[in-house]
Amino acid sequence: MERVISQQWLLVDHVSRIPRRGDYFLFRVGGEQIIVIRENENEVHAFFNVCRHRGSRVCLEDEGHKRLLTCPYHAWSYNLDGSLKAARLMPDDFDQSQHGLHRCHLRVFHGLIFVCLSKDNPPDFDAMYSEFDEMLGFHGFSDAKIAVQRNYPNAANWKLVVENFIECYHCAPAHPEYCSVHPANQLLALGAGPGSGPKGALEAYQPTLDKWEARASALGHPSPCIERSASSIDMAQLSRFPINDREFDSETRTGEPACTKLMGKFNERDHGETAFSFNPISFILACNDFAMMARFTPIDGMQTDIQLTWLVHKDAEEDVDYDVDNVAWIWDVTIKQDKRITEDNQAGILSSRYQPGPYSEQERLVMTFSDWYLDKLEKH
Amino acid sequence: MERVISQQWLLVDHVSRIPRRGDYFLFRVGGEQIIVIRENENEVHAFFNVCRHRGSRVCLEDEGHKRLLTCPYHAWSYNLDGSLKAARLMPDDFDQSQHGLHRCHLRVFHGLIFVCLSKDNPPDFDAMYSEFDEMLGFHGFSDAKIAVQRNYPNAANWKLVVENFIECYHCAPAHPEYCSVHPANQLLALGAGPGSGPKGALEAYQPTLDKWEARASALGHPSPCIERSASSIDMAQLSRFPINDREFDSETRTGEPACTKLMGKFNERDHGETAFSFNPISFILACNDFAMMARFTPIDGMQTDIQLTWLVHKDAEEDVDYDVDNVAWIWDVTIKQDKRITEDNQAGILSSRYQPGPYSEQERLVMTFSDWYLDKLEKH
Amino acid sequence: MERVISQQWLLVDHVSRIPRRGDYFLFRVGGEQIIVIRENENEVHAFFNVCRHRGSRVCLEDEGHKRLLTCPYHAWSYNLDGSLKAARLMPDDFDQSQHGLHRCHLRVFHGLIFVCLSKDNPPDFDAMYSEFDEMLGFHGFSDAKIAVQRNYPNAANWKLVVENFIECYHCAPAHPEYCSVHPANQLLALGAGPGSGPKGALEAYQPTLDKWEARASALGHPSPCIERSASSIDMAQLSRFPINDREFDSETRTGEPACTKLMGKFNERDHGETAFSFNPISFILACNDFAMMARFTPIDGMQTDIQLTWLVHKDAEEDVDYDVDNVAWIWDVTIKQDKRITEDNQAGILSSRYQPGPYSEQERLVMTFSDWYLDKLEKH
């Protein structure tokens, strides 16, 4: 937690979850609870959910609305910026200004809320993510809203959840629905992002990719590619690719649009998809008309909370422009399969006979992740 | 457990719980089970619930009646004084007299059962509690009976439960019912006992207290005051005060009597209340017509069992002289609020960011408790 | 687990549980899962349920049928002999022959499946159990089938479960049904096997035993006696004795036969019973017409799984030749009583006041077991 997770900017939610002054939600990570709360139209803050007096939880509900953050125990009350507003009967030498809530680093970027748990200075957000600026802007996340949000508690170590998400070697045996949308040659080449598949596979798929990029480019759509190494802070990635070779409008069962309203600067559908990986536990997969945000949160050594959030254009109307189950379909079914897989993986790993086996050619990104993890442990 | 809890005389119950020869109940504390059993009209004993043969539990039910304490495993049977009565097929050199149940120190004082878990000599009971003799006698606990007994398991460390009970800083925000009975100036001055409030508050309240004491004294009612320091063995306290300034007969919603039969030597209602604190986990709060006995029992580092027992005069008749819900009202509602508060406090304390904050003027007794605890850890 | 349990040949089940090619069941022991699977008519194998690739569980159900052992994660597939059959996309230097499932030692002996968890060479099965050959053959376990199998999870350390099973000191107070079938003088002499009772008791019972043995011998029934010491590998035992002196045909409520079909080479009922103890956690108690196989499996320090399996002749027909509840009666009721007893024993042992007491004359085998256990800890 200290050397790896606390040194990352974690994508925790979208600002549309807390639209009004005083709206908050709790983000649980490791043994911590973080209050993410809106102070005003421009400011969102994050605080550790621990009263500075006797240590009580200040917010007791998973989400809600507060005019003041008043501790339910002795009624110390904090302003929405975390500063202590009132504490009764304190001695004369009590310095109110020194007893605001412990702040957690927070950054809102294109409507996406990132936090960093580090006690010290967090890594330089802009240095890390300015390269994502254009594409995030193009997808219009600032003007998005949450269509639906679902949680999938997972009885496995977070590293197994990550490993599962960054290789597509298991796609063929385990994800029939996902494979019904995406073609085998694509899944092999970059099914879990750039660098995930065998080298030959990417070369073989490159002409298809180039052809699609040319068309997208002709529509004025950017084609960024970021693929950071194991020695980077974040192992971040950014890539675009066609959903398949059947001109699917969106990642849906039939290829029909998921939402009639396009997001961001998409004026015309390009049948493509963008994969953002901010770090190994923070992802967005975005079509032209919806995006799926994946948050993998370590709780303890044997428990990882998975939260998926589906975003659409803020003006899209439920049951008119989009159907929630249709938008959520592919990742809801896929993550449930992954939950079973990783839990069975975790169970087996506890055997005295377990030893890591050799990686397949389609697990190259898992090797990178393993190197990245060791690099972080050593560096810190 | 060894250095602090096992060195105290713990108030565990009232003798009326086990009126007949062979009646027993189990007292669970830490990892232990203690059998508290009546041998005859005059003798009550306490034993560890562990057979001297293979170690089985001897009593399996939380309470019951036994003619002999016969182990359900191999039928070793013990007399009600704990001595081994019979063990079949033992070798010739077996010394029956050396295999009685392990005894736990026990003392009955004015009908109150106290135990001490120490393996060695317990602290001197009489030296500690003879000062309480007159007032316990005046309240007539020897002639009391249990009106009702309730349990409130609490997912918090016992020290948080104690700290909550010995400060009234949280009364205003957390206990509306309690505050509807007791006036604010009283709660501030001594809401959690002598020494709990700001110094100025007690001085301000003193005239009210003096006036009431004079009236009580005129009725022949004692006005003891004990307030032991952090370096004492038990941090015991004893004090009397008026319920409020509205001539409440008892600690009830409306001030009406809780029980038509007065306890002990009270011939006339004095509208007052007595607070006995035998040690930081053993309390009695007594009106003229009923008393509430609070037992806070550490189970493990994260669990404390709270048992409240309400006592009335032994001749009072349920539904005639008193109504159980009326008698239990104020402390039942208050302790449930405290349970929530302390559990939220415990949760917050587990955060890496928790650090103890400064105490308010109304938490002076918590500071004393903290000193007392450290003193016991060091001394032992 | 390593020094004691993993050095034993554990009796885990009867081959009739997995009659057809590909039938399997999982054996859970300590933190491990063992797949016991039939390859063909002659071969049964045992493997650790851990894929050699990423470590996933390969079999997810407690029992079932597999044509291939295909891992649900990445579809590595293993033949029924454990060898790796197929793994997609592996690098050129991947040696398939080195990635079969980790094998667990297995031996089938008279239809009984034994496994040994040792990473190294297991102890010499034939040297240990060839002395059991004649009697196992006489009981015809190769031609048996499972009438019924039941599980009794037990919240106690496995050593307490063993100690309970190898002494009959508790029979009189705890097992009225068992005592209704077996006479007191027998239970005293050898109620938990040879060497379990007081010396005088066996001598007193010897004439009864001799008389019955002579009759059994006249019928051509063997009368073996094995009684291995604390310094042996397995502390194995084998003995025969009459059910009682009332000519009971089988261990049933009334003494009526449990099954109309006799097992093995019994042509005529001899009113006797055979006790096989392969090691302290693997037992069979066999009448002429049914047998009860007891498997005590350590799960962790506080949990032991008990599985009882009742065997009858493979040609016996349920509800025609035997009634399941009648066959299972005595041990089902007895083991449920033992479960309660051992759990209460475990609870008491956790007290700080627990100290092992002296043994009775009827617990001699428990002393041997204690010596055996310490001998194994030291030797290994």
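Each value in this text was obtained by applying a stated rule to the coordinates, not by laboratory testing. Note that the coordinates shown come from a computational prediction; the quantities given were computed from them, not determined experimentally. With ideal geometry, Cβ positions are generated from the backbone for all residues, glycine too; neighbour counts draw on all protein chains shown.
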Count the DSSP beta bridges whose two residues both fall in segment C:126-379, then state the antiparallel fraction as a percent rounded to the nearest 5.
95 percent
Residue-averaged beta-carbon neighbours from other chains (10 angstrom radius) around C:89-97:
3
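So how strong a dipole does segment B:5-123 carry about its Cα centre when Lys and Arg Cβ are +1 and Asp and Glu Cβ are -1, to the nearest 20 debye?
So the magnitude is around 180 debye.
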In debye to the nearest 20, how big a dipole does the protein assembly as shown give about its Cα centre with +1 on each Lys and Arg Cβ and -1 on each Asp and Glu Cβ?
920 debye
For an R0 of 35 angstrom, estimate the FRET efficiency from the Cβ-Cβ distance between C:Val108 and C:Arg340 and round to the nearest 0.05.
0.50
Could you give the dipole magnitude of chain A about its Cα centre, charging the beta-carbon of Lys and Arg +1 and that of Asp and Glu -1, in debye to the nearest 20?
1060 debye
Least to most buried among B:Tyr354, B:Tyr322 (fewest other Cβ within 10 Å first):
B:Tyr354, B:Tyr322
With a ≥ b ≥ c taken as the square roots of the eigenvalues of the C-alpha gyration tensor of segment C:126-379, please select rounded if a/c is under 1.5 and otherwise prolate if a/b is larger than b/c or oblate if it is not?
prolate
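Let's test the formula: R0 of 25 Å, r as the Cβ-Cβ distance of A:Asp133 and A:Ser229. What FRET efficiency results, to the nearest 0.05?
So, using R0 = 25 Å, E works out to roughly 0.75.
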Using a 7 Å offset from the Cα along the Cα-to-Cβ direction at both C:Arg269 and A:Asp81, what is the distance between the two label points in nm, to one decimal?
9.3 nm
Hey, if you put +1 on the Cβ of every Lys and Arg and -1 on every Asp and Glu Cβ in segment C:126-379, which of C:Ser370, C:Leu209, C:Gly220 ends up farthest toward the positive end of that dipole?
C:Ser370
What FRET efficiency comes out for the pair B:Ala218/B:Asp245, r = Cβ-Cβ distance, R0 = 22 Å, nearest 0.05?
0.80
Can you give the mean number of other chain Cβ atoms that lie within 10 Å of the Cβ atoms in peptide B:289-300?
0
So for each of A:229-239, B:41-51, A:121-131 I average, over its residues, the number of other beta carbons within 10 Å; can you give me the resulting order with the highest mean first?
B:41-51, A:229-239, A:121-131
Relative contact order, percent, of chain C when contacts are C-alpha pairs under 8 Å separated by at least 6 residues?
19 percent
Mind jotting down the distance between the C-alpha centroids of segment A:199-255 and segment B:172-206, whole Å?
69 Å
Label-to-label distances across copies for A:Gly255, with labels 7 Å out along Cα→Cβ, in nm, shortest first?
8.3, 8.3
Compute the helix-to-body angle for A:199-218: its Cα long axis versus the longest principal axis of chain A, expressed 0 to 90° and rounded to tens.
80 degrees
Treating the point 7 Å from Cα along Cα-beta-carbon as the label, what are the nm separations from B:Pro153 to the other copies, to one decimal?
1.7, 1.7
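Add -39500 (n - 2.57) for each DSSP H run of 4 or more in chain A, then divide by its residues: what number comes out at 222 nm, to the nearest 500 deg cm²/dmol?
The helix contribution divided over chain A gives -8000 deg cm²/dmol.
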When the Cα centres of segment C:1-47 and segment B:320-353 are compared, how far apart do they sit, in Å?
53 Å
Let me know the mean shielding of B:132-144 by other chains, meaning the per-residue number of their Cβ atoms within 10 Å of its Cβ.
0
Sorting B:Trp372, A:Trp9 on the 10 Å Cβ count, fewest up front, what's the list?
B:Trp372, A:Trp9
Please enumerate, by chain and number, the lysines with C-alpha under 30 Å from the C-alpha of B:Lys145, excluding those fewer than 8 residues away in the same chain.
B:Lys66, B:Lys159, B:Lys261, B:Lys265, B:Lys314, B:Lys336, B:Lys339
Choose one of B:Ser231, B:His139, B:Ile37: the residue whose Cα lies farthest towards the positive end of the charge dipole of chain B (beta-carbon charges +1 Lys, Arg; -1 Asp, Glu; about the Cα centre).
B:Ile37
Please flag any cysteine in chain B that has no other cysteine's Cβ under 4.7 angstrom from its own Cβ.
B:Cys59, B:Cys104, B:Cys116, B:Cys179, B:Cys225, B:Cys259, B:Cys287
Rounded tilt (10° steps) of B:364-379 against the dominant C-alpha axis of chain B:
30 degrees
